[in-house]
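The values are calculated or read from the model by the stated rules, or taken from the named source; none is laboratory data. None of these values were measured; they are calculated from a predicted model. Cβ: placed from backbone, ideal geometry, glycine included. Neighbour counts: every protein chain shown. The accessibility values were calculated without ligands, DNA or RNA, using every heavy atom of the protein model including side chains. Shrake-Rupley method; radii C 1.70, N 1.55, O 1.52, S 1.80 Å.
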Amino acid sequence: MTSILIVDDSRPMLARMQRAFGAAGLDNVMTESDPLIAVSSIRSKRPDVLVVDYNMPQLNGLAMLELLKHEGIVPQLPAVLLSGLDLSELRLQAFEAGAVDVIEKSVAEQELVRRVCNFAAIGRRTVDDAERLSDKGMPAGDPLATPSLLRTFERLSALNDEPSGLHVHRIAAYAAAVGSCVGLGVSDLDVLRAAAPLHDIGKIGVADLARRNGRAATEPSLQDLQAHTTIGYHLLKGHGSPVLDAAARIALTHHESWDGSGFPLGLRGPDIPLFGRIVAVADAFELATATLNRPLHWLVKQARDVIDAQSGVSFDPDIVCAFESSVEAMVDIKLRIDAAAIAPERAMQAALVR
């Protein structure tokens, strides 16, 4: 049965489109108002076609497509972008992000349904091919790490960083880029992408730990701050889920150092789990390039200098080599996600000028 996922922050619009598809005999239509939950859902179970609104707060449709493209999901998953804005400038960006079509919201419902159904047929064949690969021994999804659960954890983790949640998604994309250059297989990359955003989730317990140790919540000690690794590990472990088990190991070990000088366990060299070594480098790149008060080329150069200098000290030399091989892709990830994320503000400003 053809499955369609529609993502729009307007619940009335979701209901309207669901009725339109239902009238055409399509009952397997899923809707989601939160684009980040939708991304997690797609990672777990892909629909035949994705229909996503462009102008959404927090993460617009273009940024959502960019995330899925860098994870290798789009354009294999046909994605249609909807917009009520002028499409002349948006269309090319959407196609570059992997969209198969860009449709104005004002188009007649029957035409919208027909165009989406045409792409759904392509997506159905893609899903059938993937299921045949799964039957031949490819890893199945993780039923315990549901999209809603992972998104809840991601939101908790993001409380200590950007309210938008884009930080944790950049980390996921950076880690996957490095992991690909390391030579990870498709199933391992899927687990890494899902687990990496949770690396700092233990920070939610630091303020409470400081209070229990007799300090102000806003003035935790270094020991309190370092404890976010073990807090995260104990929060994520023991669920019987491959993704959450991997996330627990990442949370515990992403501050370990190749030379044994890291924390909390003082692990050395290959004793540090591979995913922890990869996320350590991805996190360093994100930290060095997240500031807005310097040109990006300068920030990237500083990031490369710092990471290269720590090869064999903080970081696995092989992971650093993989980082150098993937740094151009990582810069592209940052540019595309950041540019797409601020596009709604620019569109609103342009509309006000007119």
TODO: Which order do the peptides 19-27, 327-335 take when ranked by the mean count of other beta-carbon atoms within 10 Å per residue, highest first?
DONE: 327-335, 19-27
Task: Cβ-based net charge around ASP305, under 15 Å, with every Lys or Arg adding one and every Asp or Glu removing one - done: +1
Task: Cβ crowding within 10 Å averaged over residues, with 291-301, 31-41 ranked highest first - done: 31-41, 291-301
Task: Surrounding net charge for LEU14, when Lys and Arg each add one and Asp and Glu each subtract one, Cβ distance under 12 Å - done: -2
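Give me the Kirkwood hydrodynamic radius of the range 214-260, using the inverse of the mean 1/r over all pairs of distinct Cα atoms, in Å to one decimal.
11.8 Å
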Open item on the list: Multiplying the sequence separation of HIS239 and GLN226 by 0.36 nm and subtracting their Cα-Cα distance, what value in nm do you get?
Closed with: 2.3 nm
- [ ] Can you check what the net charge comes to around GLY260, using other residues whose Cβ is under 15 Å from the Cβ of GLY260 (Lys, Arg +1; Asp, Glu -1)?
- [x] -2
Task: Residue-level accessible surface for SER187, protein heavy atoms, 1.4 Å, Å² - done: 40 Å²
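Students often get this wrong, so check it: of LYS45/LYS203; LYS105/LYS334; LYS69/LYS105; LYS203/LYS334, which have C-alpha atoms separated by over 27 Å?
LYS45/LYS203; LYS105/LYS334
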- [ ] Please work out whether the range 178-312 counts as rounded, prolate or oblate from its C-alpha gyration tensor, where a ≥ b ≥ c are the square roots of the eigenvalues and a/c under 1.5 means rounded, while otherwise a/b larger than b/c means prolate and anything else oblate?
- [x] oblate
TODO: Using only Cα atoms, locate the centre of the range 30-82 and the centre of the range 293-330, then give the distance between them in Å, rounded to an integer.
DONE: 29 Å
Task: Virtual paramagnetic centre 7 Å along Cα→Cβ of LEU296, amide N under 20 Å, in the range 322-336 - done: 323-336
